[in-house]
Amino acid sequence: MLELNQTAPTFALYDAHENLHQLSDYQDHWLVIYFYPKDNTPGCTKEACALRDDSEKFAQLNTKVIGISTDNSKSHLSFSKKQSLAFTLLADPDGKVSATYGALFKLGPVKFCKRHSFIISPDGKIMKIYRSVSPRLHSQELLKDLKDLQTKTSNRRAMLPHNILGLLSPTFIRLR
């Protein structure tokens with residue numbers, strides 16, 4: 001089971017245009033990975049469209065969004081075009097990546113993704129895990145949590161020793 005602050009599992013999956021994507025491609029960005037059951041189903045369409053509608057807000061937070069399901073690239077291309085999605089959908093037809101993230105559900109021989117999401121920091125750490133989400137409200141929840149996480153990360157970075165040492169410089173002391 002994945003845990004907070006753990007390094008996110010790597011992946012190599014193809015998008016709707018058969019381009020290979022890897023976790024390392026998103027280095028230096030915050031990343032939302034959302035797993036969803038099936039293209040063109042009511043809940044999945046609501047969730048994808050909410051994320052699409054908030055795409056500018058995610059961009060302002062230096063965040064990329066990718067969706068992963070067990071659908072193939074052709075299905076993703078159709079779904080992405082039909083819904084005018086502005087983010088990448090990745091195909092995991094064998095469910096290996098979904099299983100690694102604990103998001104795979106098997107119904108007999110059929111494999112689906114559970115509706116799970118992860119926020120990954122620019123250094124590849126899992127910062128937030130969602131195991132149960134509302135398709136309609138999840139995008140707003142992600143945006144709120146991204147803002148909170150980025151604020152906490154920024155505050156922690158400001159307190160690092162290399163920043164504190166600057167406060168001890170002779171120039172700083174003389175000005176006080």
For the range 22-94, which fully contained helices (runs of 4 or more DSSP H) count at least 2 residues that are surrounded by 16 or more Cβ atoms within 10 Å (Cβ to Cβ) and hydroxyl-bearing (Ser, Thr, Tyr)?
73-83
Can you list residue pairs whose Cβ atoms sit under 7 Å apart, with the first residue in the range 63-82 being of a type in the set (Ser, Thr, Tyr) and the second being assigned to a helix (DSSP H, G or I)? Count only pairs 6 or more apart in sequence or on different chains.
THR63/LEU146; THR70/SER98
Go through the range 127-168 and report how many residues are modelled with pLDDT of 90 or more and outside any helix (DSSP H, G or I).
11
Checking PHE105 against (1) touching a Ser or Thr at 6+ places or on another chain (Cβ under 6 Å); (2) surrounded by fewer than 20 Cβ atoms within 10 Å (Cβ to Cβ); (3) closer than 17 Å to ASP71 by Cβ, which test does it fail?
(1)
Out of the residues in the range 1-30 that are hydrophobic (A, V, I, L, M, F, W, C) and touching a helix residue (DSSP H, G or I) at 6+ places or on another chain (Cβ under 8 Å), which is nearest to LYS64 (Cα to Cα)?
TRP30
If you scan the range 8-21, which residues turn out to be farther than 20 Å from LEU77 by Cβ and surrounded by 13 or more Cβ atoms within 10 Å (Cβ to Cβ)?
ALA8, PRO9
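The values are calculated or read from the model by the stated rules, or taken from the named source; none is laboratory data. Computed from a predicted structure; not experimentally measured. When we count neighbours, we look across all protein chains shown, and the Cβ atoms used for this are built from the backbone with ideal geometry, even at glycine.
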